[in-house]
1. Give me the pairs, please: first residue somewhere in the range 69-90 and surrounded by fewer than 10 Cβ atoms within 10 Å (Cβ to Cβ), second residue anywhere and among the charged types (D, E, K, R) and in a loop (DSSP other than H, G, I, E, B), beta-carbon distance under 8 Å, and either six or more positions apart or on two chains.
2. Could you tell me whether the range 5-18 includes any residue that is under 10 Å from the mean Cα position of the chain (by Cα), surrounded by 14 or more Cβ atoms within 10 Å (Cβ to Cβ) and modelled with pLDDT of 70 or more?
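The values are calculated or read from the model by the stated rules, or taken from the named source; none is laboratory data. Not measured: the values here are computed from a predicted model. Ideal geometry is used to build each Cβ from the backbone, glycine not excepted, and the neighbour counts take in all protein chains shown.
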Amino acid sequence: MDELRRWPSVQRSRGGPELTDHYAFVGILNSRHKQALGVPPLEDHLTREGASRRCGRTVVDLKTGDLVHSVTVGGIVEDIYDILMLPGVQRPIALGSKTDDTRRVISI
């Protein structure tokens with residue numbers, strides 16, 4: 001596997017990035033938690049690159065290695081734990097765990 005892109009943070013998901021067509025969807029987490037994950041310290045790299053820790057998701061074109069889209073998440077959210085593709089789904093929704101909506105959903 002060839003290196004296409006580097007991030008100033010840690011990629012984290014269950015099975016690696018989600019792939020569709022020629023794009024990789026990558027969840028990245030704030031490298032503040034790097035010691036708990038057994039990841040080597042990134043502070044030197046961040047300093048050299050003039051970058052800061054961040055959390056979010058990126059989309060990379062696997063043919064060119066270009067970063068085609070990026071979303072940075074802030075506030076109380078510090079980690080993106082997984083990225084999941086939903087092929088064919090046009091209007092996905094997320095239900096809050098503290099609402100009555102979850103009682104009305106039937107999943108088969």
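1. Correct list of pairs: Tyr81/Arg12.
2. Checking the range 5-18: at least one residue is under 10 Å from the mean Cα position of the chain (by Cα), surrounded by 14 or more Cβ atoms within 10 Å (Cβ to Cβ) and modelled with pLDDT of 70 or more.
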